[in-house]
1. For region 155-199, give me the residue count where each residue is of a type in the set (Val, Ile, Thr) and either part of a helix (DSSP H, G or I) or modelled with pLDDT of 95 or more (or both).
2. Among Gly3, Gly23, which is at pLDDT below 85, under 29 Å from Gln124 (Cα atoms) and within 13 Å of the chain's Cα centre (by Cα)?
3. For Leu126, indicate whether it is over 18 Å from Trp10 (Cα atoms) and either in contact with a Ser or Thr (Cβ under 7 Å, 6 or more places away or on another chain) or at pLDDT 95 or above (or both).
4. Filter region 117-150 down to the residues that are assigned to a loop (DSSP other than H, G, I, E, B) and surrounded by 15 or more Cβ atoms within 10 Å (Cβ to Cβ) and list them by number.
5. Return the residues of region 29-51 that are surrounded by fewer than 20 Cβ atoms within 10 Å (Cβ to Cβ), touching a residue at least 12 places away in the same chain (Cβ under 8 Å) and under 20 Å from Leu177 (Cβ atoms); say none if nothing qualifies.
6. What pairs come out if I take residues in region 164-188 that are without any contact (Cβ under 8 Å) to a residue 12 or more places away in the chain and pair them with residues that are assigned to a loop (DSSP other than H, G, I, E, B) and among the small types (Gly, Ala, Ser) whose C-beta lies under 6 Å away, six or more apart or interchain?
Amino acid sequence: MAGVLLPMSWSTRMKIAFGAAKGLAFLHEAEKPVIYRDFKTSNILLDLDYNAKLSDFGLAKDGPEGDKSHVSTRIMGTYGYAAPEYIMTGHLSSSSDVYSFGVVLLELLTGRKSLDKLRPAREQNLTDWALPLLKEKKKFLNIIDPRLEGDYPIKGVHKAAMLAYHCLNKNPKARPLMRDIVDSLEPLQVPIISQVSDTESKGKEDAQSN
């Protein structure tokens, strides 16, 4: 999903986040749960209406069975998106996907890459830079993509920012479930009005006035 680096409206970004969250929730809630393991923006496919679908299941892993909370596996995935506990221990759980989702949500909010060596040293790692600002109610707007030019609902942005903050909790047990993330994102969905539709409508109005 290279679109995260391109100017997109607030409603488009939230639609992408919502669609991706539903995809992960479906995997986690399946009869035989699946952990995606390598969730990142480049693995999100978008159609012309910005409906999101997950792709590249090459690293997907069957989830834990019975009373187990995680599976132990060789560490694979993408630095910048992988959960810290997975990198440290190889313990993989659905919460690992939740962390990765938090990074992607942060990318959508900020318009930045998870890792960007072209930025100042303190800003190269997106989560390290953004997390301290996310929890500050007076500062969280400082991380929002300036290309949005303030065209977003403040309450909606705050809810999305807090959701990202909880997804990125260092304690995997404190992160929300994907189904709860879907529920949190659903109220943030607003209709996307395309520029084409706006142009067509304006043309009709001009024709009627002549």
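The values are calculated or read from the model by the stated rules, or taken from the named source; none is laboratory data. Please read all numbers here as calculations on a predicted model, not as lab measurements. Note that we place each Cβ from the backbone using ideal geometry, even for glycine, and neighbour counts take in every protein chain shown.
1. 5
2. Details: Gly23 fails: at pLDDT below 85.
On inspection, the qualifying residue turns out to be Gly3.
3. So Leu126 fits the description; yes.
4. Answer for region 117-150, where residues must be assigned to a loop (DSSP other than H, G, I, E, B) and surrounded by 15 or more Cβ atoms within 10 Å (Cβ to Cβ): Gln124, Ile144, Asp145.
5. Glu29, Lys32, Pro33, Val34
6. Sorted first by the residue in region 164-188, then by its partner, the list stays empty.
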